[in-house]
Structures are given as structure tokens and as C-alpha cells.
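To keep things clear, I will list the structure first and then write my remarks on it.
The values are calculated or read from the model by the stated rules, or taken from the named source; none is laboratory data. Here the structure is a predicted model, which means the values were calculated and not measured. Neighbour counts are summed over all protein chains in view; Cβ atoms, including those assigned to glycine, are modelled from backbone coordinates with ideal geometry. We work out accessible area using only protein heavy atoms, side chains counted, and drop any ligands, DNA or RNA first. Shrake-Rupley method; radii C 1.70, N 1.55, O 1.52, S 1.80 Å.
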Amino acid sequence: MAENLLKAEGIYKSFVGVQALKNVTFEIKPGEIHCLAGENGSGKSTLIKIISGVYAPDSGSMEFAGKKYEKITPIEAIKSGIQVIYQDFSVFPNLTVMENLAFNSELADRRKFVNWKRMRKIATEAIAKIDFKVDLDALVGSLTVAEKQMIAISRALMFNTKLIIMDEPTTALTKKEVGNLFNIILKLKERGIAILFVSHKLNEVFEISDFFTILRSGELVASGNTADLDAKKFSYFMTGREFTAKRFEAKNISSEPILETKNIGIEGSFQDVSFDLHKGEIIGITGLLDSGRTELALSLFGILPIDTGSFKINGKQVKITNPQTAVAHKIGYLPEDRLSEGLFLNQSIADNIIISEIDRLTVFAGVLDTKKRTDEIARWVKELSIATPNPENACQTLSGGNQQRIVLAKWLALNLDILVLNGPTVGVDIGSKHDIHEILQNLANEGLALIIISDDLPEVLENCSRILVMKAGRVVSDLDAAKADEQMILSYMM
Amino acid sequence: MQTSWKTTIQKISRRNEPYVFLVLLALCILIEIRSGQFFSSNNLVDIASALIVPGLFAIGAFLVIISGGIDVSFPALASLSVYATTKFLLDINYQGGVWLAFVIALSIGALLGAFNGLFIGYFKLPALIVTLGSSSVFKGIMQGALNSKQLTTIPVGMRAFGTSSLFIAKNPVSGLTARMPVASIAFVIVLILVYLMMRYTMFGRGIYGIGGSEVSAHRAGFGVRKTKFTLYVMVGMIASLAGVIRVCMMQQAHPTNMLGMELNIIAGVVLGGTAITGGRGTLLGCILGTLLIVIVENSLILIGVPTSWKSVFIGSLIIIGTGASAFQVMRMNRVKSIKIRSKEAF
Ligand SMILES: Nc1ncnc2c1ncn2[C@@H]1O[C@H](COP(=O)(O)OP(=O)(O)O)[C@@H](O)[C@H]1O
Ligand SMILES: [Mg+2]
């Protein structure tokens, strides 16, 4: 049995009023791929920061590469071979790839002057280590997320690295990019480098990791061999709740379609898309990142108006040229990036809920009816079980799942007929994800027509009655969800 | 080979400097056509001499904006340090060379810059708020403690420096002459030093880095606080240098005469392609943008545009200039269109 590379034992850490970690023990061996999972706020980032020396633990001990530490400092951590790749990759978008790669080692060598030749040499060597091909003179801001990540990884490898820690490395990547990343992780493993990565995504945990550790509310709830883990146990460990995934069955589909699209298209995005949507139905639209699925979603809400084809709502031809006309036709849209597009994070939860129906709540000349406002807010907080002590708190105090419920509440307050959801559970933890799915299914059964755009195949399969698969700007198949499976969808997508 | 040509042209066309240069050229040619006076030797020397003080201020403003900050206090800072220096030298009846004026003014400038740097770098307060505040403080000290009035005479050393010239250009047609002040050397030296610093020292690259992402700079190992502090000290010194040169060239110290310059200076820097959000911009662009403003301020009169229209002209330039750079950003972020495959391909 190989020696442990890292062993952290009995780690406690509290912040004012919050016990972030309670008696957590964690070990990793050289060349091991270890997944750290847990819901938001469970203490994953805190654990990472203790290992990398950013925080000192309240108590507990750490041993790395045979050396004991009461607490490790960030410099000691780097020197002994621990590298952290943060979610934002710590890059300089305004500088070239070369500088981004060379800065860390130049600064570590305490250089005062810039030698551009030496920087180029360092950068060339750094990307060669993972066979990453990129223009060294390109600005990092112009690269894709995956390329920025590759830069962060190459940079981490420049030092005598023994452990690489990645905080949620796959969140913003496409399927193909995740594949590339995993290949690189496997190569690093061959070289004996241990990888600790944070992920909530079940399929990724299974695909790549050897061992797992799951935290809940700062406590270690399970750790062991990934081979012994299954989906059910995983979500149980994460949430402490048992879930029975309920496959959606459309109970009352209207006989007439509420929305019909006929050969709609946008130059350079998608073409010839035709489908009917009935009340009570949930249609899933899936495809790779550049398949045109997002543009299709945006066109249904008028953000990107179509240039060919036509819409019919309740059998009548209509034009949807901007979000206002879409809302007038009782269409709502839940954006992909709820943080930047769907919510006013600094405003209160309450105001975020009522913002879209503000016209209905005013009595006279723009003055709000406060009684009506309070009732309306109370109703939605309850209906969607938004976990907050006080709806007047700022929206950013909520977890991802709860924020998503608010965006939902905002739309439902309008009594819509159609709701388009783009990636409704991206970045949401398992418990909330399950709840959101339940809400969506109930909404459909109460007569709402829903369209879910998502590349999370289990999500689409579980919650939709029909699935449209898109590829290179076209709908390539229209599947009955009850008869489809992941393999089948993938084969159409790729 | 051909593709590399193409990419080079593409890269250049994405930068701001060529556009500023073209606008500048167009303006010069327009003035030349209308007046026949623009490319005369005396006018060119006049413009170069008018560029010295705004140019120095612009270099300071450029450095701060690159680091992701903003400084609106430099005119007040320069006024205070040069006013205090002149007054002190007059009081002791100093008869020596100009060097002492530079030493004292630059020391005061460093101190006042350190005041900005302390609050911005170490206490992490927003640069705009700090410099708005310090600007008032500097003006207050000048008016309150120093009881500032216009000083109509300046020490002999400063007077001599202000009137000494490198060469004198004479227009053979009109007979008009223009002097190239010795102070232009100071401007060129600062320009070269700052260029070298920004390109060849880790401190300079750190300023770009901090402007791009402060968190990343910290994690990479740049001393963010120290860098910012040093930067504001440096900018205080550059501004004070400009202040001394201004007083020497005008042969009198006026306490409020430089105040209000900050907006046109910052406008010139931004026109030259320096991103107001920090991290992006070149010294060349900064100087071109400032030159554009200086020419508009000094030469519009040559084509018969009344001075009252100057601010309208400058305002429009700023809107067009910043609009153009916003457009470029938009173009870079535009949604990449995807290839729709024909039906048969499936
Ligand atoms: N610097 C801090 N100050 C106060 N509380 C913190 C701080 N960092 C984390 N916490 C709290 O500690 C808990 C664990 O947080 P974190 O480690 O970030 O969780 P995770 O990364 O698993 O989402 C949360 O309740 C969080 O609010
Ligand atoms: Mg975290």
C-alpha cells in the first residue's frame, strides 16, 4: 500500500457563528484522483483553503509528503508541491498567454526585470507538458473557458507539483471540453500527481475519480472507493434525504397546441425548426453547446427575433420580436445565467419576486399596494418553499437553488401559458435540483406548457415528455422521452 | 507568409492607436488646407511645447488608469506642491539653480502621492473617492494654510529655466518664431523611463496585471498593495514635475490655473485607447490621444473655429472615441455564429 501524500486529521474550522468544518479527516495518495463533493456551504472550499494554507485550522493536523504541519502557509504549500486552480483560473484577461504562463515562476524567482525571451521559453515549456497548443501572443481574454483552464493547469505544473486541487473545474465546460480535461487529468495521474477536484456532478464523479469524500454541513459523511458508490447513495450522502426520481408523465395534455413553430430560423444560428407545444407538456431541447439550442430558446422569448418561419399561439399567427411581445403572449423565459440575467442580486428577495407583476400591484399612479405586495410575496415564498428567514433579505444571501426558485416565482406570478427554461438546474445542488424538477412537473400537470433546454441528459429524460435533439443548427430528431435513453440521445447529438 | 500578414493587419486593426493616428492626421491636414499654417515649423514647435505639461499629466493618468484606478487629484496635487515650493524659495530669497525647485516639489509630490497611495493601496478604498477627497484637501491646504494668491515673480533659477530654449524655429514666410523649451527634455526622459518600466520591469507588468485582475495578481505573487502605493507616489512626482515646468514656462505661479485640467487629460488618455476599466492601453496611444486634445485646444483657432466651440469639439471627440472602443469590445464579444449544416449532411 502506497504512502499517503496528504493526510489532514481532525480538522476544525469556524467562522464567526458558523462551524464550517467539524472533525474532518481527509487523505490522498500519489496519483490518486479524488472527488470532493457536498452541497453548497458544506465546507468544500474551506477544506481546500486549509490544505493550501489560505486559512489556518482551529485545530487538527496536517501531513504532506512526509512532513508534519500544525498549519501550512501558502508559500510552504506551493513550495512543497500543492497547487490550487480556482474557479476563475486566476488569469489576466488583458495580457498574453505567454505572460500569464510565465508570471508565477518569474515572481517565485523574485525577478525584477522582464526578459521576454526567457518568458517565451518558460511558456513554451509549460504548454508542452500537457501538449496544449495555443498562440502564445494571444490575449487570454479572447480564449475559451477550456483554454483558460488549460493555461491554469500548465501554470500549476511548472512547479514541482505533487497535488493539484481544482475547485469545480467542469462547471463552464462543454461535454467535449470535459472529455479533454479528463484526459489530461488521467495523464497527470500517470505521472504520479494527485488530483483533488470538487464537483457536484454525479456522472463526472463516477467517470473519473478513484476515491470520494462527501461533506455535509461541515462534517465528513462518507468517503471511500468510488466503485462502491451509486447514484442513490451519492444523493443521500449529499443531502441526507432519500429521493425517488419521478419520471414525468404528462397527465392532461391539451388537444390543441398552445404554440406552433413553423420552419423558424435565424441566419447563422438555426434553421427549419418546427414543433407543436401543448399545455401540460414538457418538451426538452438538447444538443451540444454550439448546436443552436440556446439561440432557439432566445428566439422563443424574442430576445433573438427569428428571420424566417412563423409562430402560432392558440392557433393564431403572432410575431415575437422582443421580450415584451413574448410576455404579452404569456411566454416566460428563465435564463441560462440567472445571476446576470434573471435577478437583481442586491435587491430583496421580495422585490425580485414581484418585479414582473409590479403593474398589477400598483393602485394609483405607480404607488404600490403594500398589502397586496405582502400577500403575493408570502404566497410565492410558501408555494416554492424558498428557504429564507426574511423575504426582505438581499437575494444574494440565498443558495443557487433558492435563487433559481425566485426566478421561477417571478415568472409564475404572471400566470403564464408557456415557460421556457434554459439550463434550469445549472450550478444548483442535488436537493434543490430535485425540488425544482418536482415543481416543474407539477406546473405542467396544472396546465402550463414548458420547454426545458438542457444538456443534462438525465434531467431531460426524467422531466420531459418529448425530446428534440439539435445538432449544427437543426432539429435532428424528435423523441418520445418514455422510449429514449441517454445512449440514443448522445448518438443523435454527436 | 500571407496568413501572417493577414493576422498582423487584423491585430493592428483591433487596436486603437491607428484610428487615433488617422483622426489626428486628418485634423492636421484639414487645418493645413484651411490655414496653410499647420505644418509650418513654428506651429509644430508651438504644439510640441504645448504638449509638455499635458503630456506629463497624461503619463501619470495613464499609469493609474492601467492599474484599474483613476486619479482626479493630480492638478490639485501639482498646484499645491509647486505653489508651496515657489513660495518657500521666494521667502528664503533663493538665488540658485532650478534643481532645488525640482527636488522640493518632487518630494512634496511624493508625499502627497503617498497620501493617495496609502488610502487606495493599503486601505483598499476606491480610487475615485480617495482622489476626489484628496483633491479637496490639497486645494484646502493651498487656500487655507498657504493663503494662496498669484505669485507674479518666481525665483531667478526657475525663470531662467522657463525661458531657456533648445532651439528657436522661425517661419520664413510670416516671420513668426517659436521656442522649444529645455523642459521638453524632461518630458522625453520621463516618457522613455516610463516606457521601459512598463515593458521591462515586473513592477510595470504588475501594474498591467493588477488592472486586469487584482485577485489574480495577488495569487500570482505580485505585491498588490505595495505596487499601488509606489505607483501613486510615482504619479505624484510626475504631476509635480509637470507643475514646476508649467510655472517656469508661465513665469508666474497661479494657484488655480491648473485646476480642472483633469477631465481633458483623462479624456485624451481614454481617446488613445486606454481602457477606463484598466489593464489595457499603450503609452503611444496615450500620447497620441493627448496630442489630439492639445491640437484641438491650440489650433482650432487657425481654421476660424471660435474658442467657445472648443469644448463642443472636444466633447464630440470623446464620445466618438470612447464609442469606437466600446464598439470594438462589442465586436470582440459578438456571438460566434455557427455553421448550419444542410439537410443532406445528416
Ligand atoms: N470567510 C468566511 N467568513 C465567514 N463564513 C465563511 C467564510 N468562508 C466560508 N464561510 C461559511 O462556511 C461554510 C462553508 O463554506 P464553503 O467552504 O465555502 O462551502 P462550499 O465550498 O462547500 O460551498 C458556509 O456556511 C459559509 O457561509
Ligand atoms: Mg465553494
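GNM on chain B, C-alpha springs below 10 Å: top fluctuator among B:Ala78, B:Ala326, B:Ala267?
B:Ala326
Return the single residue from B:Ile185, B:Ile265, B:Ile108 with maximal mean-square fluctuation; model: Gaussian network over chain B, springs between Cα atoms under 10 Å.
Sorting by GNM fluctuation, first place goes to B:Ile185.
With +1 assigned to the C-beta of every Lys and Arg and -1 to the C-beta of every Asp and Glu, and no other charges, what is the dipole magnitude of segment A:6-239 about the Cα centre in debye, to the nearest 20? Write out the running numbers ahead of the final one.
Details: 31 positive and 27 negative charges, 124 e Å.
For this selection, approximately 600 debye.
Using heavy-atom solvent-accessible surface (probe 1.4 Å) with all chains present, what is the largest-first order of A:Arg405, A:Arg466? Please list the in-between numbers first.
Working: A:Arg405 15, A:Arg466 50 Å².
Order by accessible area, largest first: A:Arg466, A:Arg405.
Just subtract the alpha-carbon distance of A:Ser59 and A:Glu27 from 0.36 nm times their residue separation and send over the number in nm, one decimal.
Working: separation 32, 0.36 × 32 = 11.52 nm, distance 1.67 nm.
Computed gain between A:Ser59 and A:Glu27 is 9.8 nm.
What ³J(HN,Hα) values, in whole Hz, does the Karplus curve 6.51 cos²θ - 1.76 cosθ + 1.60 give for segment B:120-134 when θ = phi - 60°, with x put for Gly and Pro?
7, x, 8, 8, 6, 8, x, 4, 4, 5, 4, 6, 4, x, 5
Please check: in the Gaussian network model of chain B (C-alpha springs, under 10 Å), which one of B:Leu259, B:Leu125, B:Leu283 has the largest mean-square fluctuation.
B:Leu125
Just want to confirm a number: the relative contact order over chain A, from Cα pairs under 8 angstrom separated by 6+ residues, in percent. Present the calculation step by step, with values, prior to reporting the outcome.
Values: 964 pairs, mean separation 72.4, N = 494.
Relative contact order here is 15 percent.
From Cα pairs below 8 angstrom and at least 6 apart in sequence, can you work out the relative contact order of segment B:239-328, rounded to a whole percent?
Values: 59 pairs, mean separation 19.8, N = 90.
Over segment B:239-328, the number comes to 22 percent.
Can you give me the Cα centroid spacing of segment A:173-192 and segment A:90-107 in angstrom?
22
Tell me the mean residue ellipticity at 222 nm calculated for chain A from its helices only (DSSP H runs of n ≥ 4, each -39500 (n - 2.57), averaged over every residue, nearest 500).
Working: 16 runs with 161 residues, N = 494.
That comes out to -9500 deg cm²/dmol.
Measuring from label point to label point, each 7 Å out along Cα→Cβ, what is the B:Leu44 to A:Asp351 span in nm?
Label at B:Leu44, label at A:Asp351, 5.9 nm between them.
I'd like the accessible area for B:Tyr19: 1.4 Å probe, protein heavy atoms, all chains in place, Å² to the nearest 10.
Probe radius 1.4 Å; accessible area of B:Tyr19 about 100 Å².
Ordered by residue, what ³J(HN,Hα) values in Hz, to whole numbers, does segment B:88-96 give under the Karplus form 6.51 cos²θ - 1.76 cosθ + 1.60, where θ = phi - 60° and Gly and Pro are x?
Those phi angles translate into 4, 5, 5, 4, 8, 6, 6, 10, x Hz.
Length gain on complete extension for the stretch A:Arg118 to A:Asn183, per 0.36 nm per residue less the alpha carbon to alpha carbon distance? Mind showing how you got there, number by number?
Numbers: separation 65, 0.36 × 65 = 23.40 nm, distance 2.94 nm.
20.5 nm is the gain from fully extending A:Arg118 to A:Asn183.
Restricting the count to DSSP beta bridges whose residues both fall in chain A, what percent are antiparallel, rounded to a multiple of 5? The partial results should precede the final answer.
Numbers: 45 of 80 bridges.
Antiparallel bridges: around 55 percent, rounded to the nearest 5.
Could you tell me what percent of the DSSP beta bridges with both partners in the protein assembly as shown are antiparallel, to the nearest 5? Numbers along the way, then the final one.
Working: 52 of 87 bridges.
The antiparallel fraction comes to roughly 60 percent.
Choose one of A:Tyr86, B:Thr86, A:Ile303: the residue whose Cα lies farthest towards the positive end of the charge dipole of the protein assembly as shown (beta-carbon charges +1 Lys, Arg; -1 Asp, Glu; about the Cα centre).
Ranked along the dipole, the leading option is B:Thr86.
Computed on protein heavy atoms with a 1.4 Å probe, what is the summed buried accessible area for the chain pair A and B, in Å² to the nearest 100? All intermediate terms of the calculation are to be shown ahead of the outcome.
Values: alone 23030 and 17960 Å², together 38280 Å².
Approximately 2700 Å² gets buried when A meets B.
Straight distance only, please: which lysines reach the Cα of A:Lys233 with their own Cα at less than 18 Å, same-chain residues fewer than 8 apart left out?
The qualifying lysines are A:Lys201, A:Lys246, A:Lys433.
Please say if the protein assembly as shown is rounded, prolate or oblate, where rounded means a/c under 1.5 for a ≥ b ≥ c the square roots of the C-alpha gyration tensor eigenvalues, and otherwise the choice is prolate for a/b larger than b/c and oblate otherwise?
Note, shape of the protein assembly as shown comes out prolate.
Amide H of A:Ile33: which non-local residues (sequence gap of 5 or more, or other chain) have their own amide H closer than 5 Å, using H built in the peptide plane?
Under 5 Å from the amide H of A:Ile33 lie the amide H atoms of A:Ile195, A:Asp210, A:Phe211, each far enough along the sequence or on another chain.
Kindly state, to the nearest 0.05, the FRET efficiency for A:Gln87 paired with B:Arg15, given R0 = 30 Å and r defined as their beta-carbon distance.
On the way: r = 31 Å, r/R0 = 1.03.
E between A:Gln87 and B:Arg15, to the nearest 0.05, is 0.45.
In square angstrom, rounded to the nearest 10, how much accessible surface does B:Val294 have for a 1.4 Å probe?
Rounded to the nearest 10, that gives 10 Å².
Please list, by residue number, everything in segment A:88-130 whose backbone N is under 11 Å from a paramagnetic label point 7 Å out along Cα→Cβ of A:Ala138.
What the label zone holds, given the 11 Å backbone N cut-off, is A:97.
Once you place label points 7 Å from the Cα toward the Cβ at B:Thr307 and B:His218, how far apart are they in nm?
Result: 4.9 nm between the two label points.
Need one value: the accessible area of B:Lys139 in square angstrom, 1.4 angstrom probe, rounded to the nearest 10.
About 70 Å², ignoring ligands and nucleic acids.
Skip the ligands, DNA and RNA, and give the accessible area per residue of segment A:164-289 with a 1.4 Å probe, whole Å². Walk me through the numbers on the way to the answer.
Values: 5760 Å² over 126 residues.
Result: 46 Å² per residue.
Please state the charge dipole magnitude for segment A:444-491, taken about the Cα centre, from unit charges on C-beta atoms (+1 on K and R, -1 on D and E), reported in debye and rounded to the nearest 20. Don't jump to the answer; show the numbers that get you there.
Details: 4 positive and 9 negative charges, 62 e Å.
Charge dipole, segment A:444-491, about its Cα centre: 300 debye, nearest 20.
Mind checking the full-extension length gain between A:Glu256 and A:Thr73? Use 0.36 nm per residue of separation minus the Cα-Cα distance, one decimal, nm.
Details: separation 183, 0.36 × 183 = 65.88 nm, distance 6.64 nm.
Full extension from A:Glu256 to A:Thr73 adds 59.2 nm.
Would you be so kind as to identify which of A:Val97, A:Pro391, A:Ile377 lies farthest towards the positive end of the dipole of chain A, taking Lys and Arg as +1 and Asp and Glu as -1 on Cβ and the Cα centre as origin?
A:Val97
How do B:Arg34, A:Arg155, B:Arg15 stack up against each other in accessible area, from largest to smallest, with a 1.4 angstrom probe?
On the way: B:Arg34 160, A:Arg155 20, B:Arg15 120 Å².
Result of the area sort, largest leading: B:Arg34, B:Arg15, A:Arg155.
Keeping all protein chains in place and using 1.4 angstrom, which order do A:Lys483, A:Lys471 fall into by accessible surface area, from largest down? Show your work: numbers first, answer last.
Working: A:Lys483 155, A:Lys471 40 Å².
Per-residue accessible area, sorted high to low, gives A:Lys483, A:Lys471.
Among the aspartates and glutamates, which have Cα under 16 Å from the Cα of A:Lys312 when same-chain residues fewer than 8 positions away are ignored?
Straight-line reach from A:Lys312, under 16 Å: A:Glu256, A:Glu260, A:Asp272, A:Asp276, A:Asp417.
Give me the percent relative contact order of segment B:13-125, please, defined on Cα pairs under 8 angstrom at least 6 residues apart.
Normalised by residue count, the contact order of segment B:13-125 is 14 percent.
Name the shape class, rounded, prolate or oblate, that the alpha-carbon gyration tensor gives for segment B:2-345, where a ≥ b ≥ c are the square roots of its eigenvalues, rounded holds for a/c under 1.5, and otherwise prolate holds if a/b is larger than b/c and oblate otherwise.
Values: a/c = 2.15, a/b = 1.28, b/c = 1.68.
Oblate, because a/c is 1.5 or more while a/b does not exceed b/c.
Which net charge results for the neighbourhood of A:Val140, defined as the other residues with beta-carbon distances under 9 angstrom from its beta-carbon, given Lys and Arg at +1 and Asp and Glu at -1?
Working: positive: A:Lys148; negative: A:Glu99, A:Glu147.
Residues near A:Val140 contribute -1 overall.
Only loop residues by DSSP count here, and only those with at most 15 other Cβ atoms within 10 Å; note down the chymotrypsin sites (Phe, Trp or Tyr not before Pro) in segment B:84-174 that meet that. Don't jump to the answer; show the numbers that get you there.
Numbers: sites: B:Phe88, B:Tyr94, B:Trp99, B:Phe102, B:Phe115, B:Phe119, B:Tyr122, B:Phe123, B:Phe138, B:Phe161, B:Phe167; in loops: B:Tyr94, B:Phe123.
Qualifying residues, ordered by number: B:Phe123.
What ³J(HN,Hα) values, in whole Hz, does the Karplus curve 6.51 cos²θ - 1.76 cosθ + 1.60 give for segment B:260-274 when θ = phi - 60°, with x put for Gly and Pro?
Result, rounded to whole Hz: x, 6, 4, 5, 5, 5, 4, 4, x, 4, 5, 4, x, x, 6.
Work from the charge dipole of chain A (Cβ charges, +1 for Lys and Arg, -1 for Asp and Glu, about the Cα centre) and give the residue of A:Gln271, A:Ser59, A:Phe132 farthest towards its positive end.
A:Ser59
Using a simple charge model, +1 on the beta-carbon of Lys and Arg, -1 on the beta-carbon of Asp and Glu, nothing else, what dipole does segment A:138-248 show about its Cα centre, in debye to the nearest 20?
Numbers: 15 positive and 12 negative charges, 36 e Å.
Rounded to the nearest 20 debye, it is 180 debye.
Helix B:17-35 versus the longest principal axis of chain B: what is the Cα-based angle in degrees, 0 to 90, to the nearest 10?
Approximately 60 degrees, to the nearest 10.
At a Förster distance of 30 Å, what's the computed FRET efficiency of B:Asp91 paired with B:Ile185, Cβ-Cβ distance as r, to 0.05? The partial results should precede the final answer.
Working: r = 29 Å, r/R0 = 0.97.
So the FRET efficiency works out to roughly 0.55.
Given a 1.4 Å probe and every protein chain left where it sits, what share in percent of the accessible area of the protein assembly as shown is carbon and sulfur? The partial results should precede the final answer.
Values: 22260 of 38280 Å².
Carbon plus sulfur share of accessible area: 58 percent.
Among the trypsin sites (Lys or Arg not before Pro) in segment A:170-212, which ones are in a DSSP loop with at most 16 other Cβ atoms within 10 Å of the Cβ? Mind listing them? Mind showing how you got there, number by number?
On the way: sites: A:Lys175, A:Lys176, A:Lys187, A:Lys189, A:Arg191, A:Lys201; in loops: A:Arg191, A:Lys201.
Sites meeting the loop and neighbour criteria: A:Arg191, A:Lys201.
For B:Ser316 paired with A:Leu414, estimate the spin-label separation in nm (one decimal), with each label point 7 Å from Cα along the Cα-to-Cβ line.
4.2
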